[in-house]
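The values are calculated or read from the model by the stated rules, or taken from the named source; none is laboratory data. Given the structure is predicted, the values throughout are model-derived calculations rather than measurements. Don't worry about glycine lacking a Cβ; one is built from the backbone with ideal geometry, like all the others, and counts go over all protein chains shown.
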Amino acid sequence: MTLSNATDWTIDQGWAAYSRAEHATWRTLFSRQMALLPRYACAAFLDGLQRLPIDGREIPNFSSINESLRAQTGWTIVAVPGLVPDEVFFNHLAHRRFPSGNFIRSADSLNYIEAPDVFHDVFGHVPMLMNPAMADFIQAYGEGGMRAYQLGVLPLLARVYWYTVEFGLVKESGALKVYGAGIASSFTETQFAIDDPSPHRVTFDLNRVMRTHYRIDDFQETYFAIDQLEDLLALSKIDFAPRYQKYRDARTFAPGDLIAEDRVLQRGTGAYFATRPAR
Ligand code: HBI
Ligand code: FE
């Protein structure tokens, strides 16, 4: 990790410093995902990817990504050394800058990362930042994040981000497709989220999701599906303040709970999680 000396935590991508081995890791990750995503990802993800200078040859250069991305939705990506403090993260998002890790995971742990790396951030997030609804939603999250933090209700908002931007599914022609970056950048979770009988799949409901805990270091026990990506646009316009009032002290739900009001699409067997207690 490179130390940051700017208060916004941005660093140079340092593209020229990537080794052949690091480019090869990108190549492996890219080809694994491309063997799956044409069947598993939503049309907007595939379309965004196709219109970006992201390919399986080498780690993309952020400045060429930014030419396409800025022209499409006014977003840019900025290089950061890893996780940045919440308020720094929100400030970038509110200004349509997506902080992206410049490092890449090591070749012997392709399925595990401690902090978001360049493959998660660029391959996972940037294609959806080409979509106008997602573009507005993440900016609104940045703007709302500071408010939620000051009100002491950040977990309520962070759960919405988690179950949409990171682990969201969308209904498309009667099937469930991936749009969340945490899924789209993971070979194992792409298959798990769509095909495995273990997790619940439930129609997204804002009030429900705000109260639902999530797993950070394992597959999700429940995936929430929106009806269409445009629902994110509506979500970006909602005033969360009254909901914070209502739900700040409300009971919360465990990752694998189903509740009476749920519109359950597929009730999970829980089989995978039976051997993996939540921590
Ligand atoms: N920093 N680089 C980076 N990427 C993230 O996704 C990120 C972060 N800092 C904080 C954060 N996410 C979350 O804890 C907030 O969304 C709540
Ligand atoms: Fe992410």
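When the test is whether a residue is on the phi < 0 side of the Ramachandran plot, at pLDDT 95 or above and within 14 Å of ligand 1 (Cβ to nearest atom), Tyr179 does not pass it. Exactly one residue out of Glu58, Glu22 is more than 29 Å from Leu229 (Cβ to Cβ) and either in contact with a Lys or Arg (Cβ under 8 Å, 6 or more places away or on another chain) or crowded, with 19+ Cβ neighbours inside 10 Å (or both), and it is Glu58.
Yes or no, residue by residue, for (1) within 13 Å of ligand 1 (Cβ to nearest atom); (2) part of a helix (DSSP H, G or I); (3) among the charged types (D, E, K, R):
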position: Ile54; (1), (2), (3): no, no, no
position: Glu58; (1), (2), (3): no, no, yes
position: Ala79; (1), (2), (3): yes, no, no
position: Leu83; (1), (2), (3): yes, no, no
position: Phe89; (1), (2), (3): yes, yes, no
position: Arg105; (1), (2), (3): no, no, yes
position: Val122; (1), (2), (3): yes, yes, no
position: Pro127; (1), (2), (3): no, yes, no
position: Gly144; (1), (2), (3): yes, yes, no
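With respect to (1) hydroxyl-bearing (Ser, Thr, Tyr); (2) surrounded by 13 or more Cβ atoms within 10 Å (Cβ to Cβ); (3) touching a residue at least 24 places away in the same chain (Cβ under 8 Å), the lone exception for Ser31 is condition (2).
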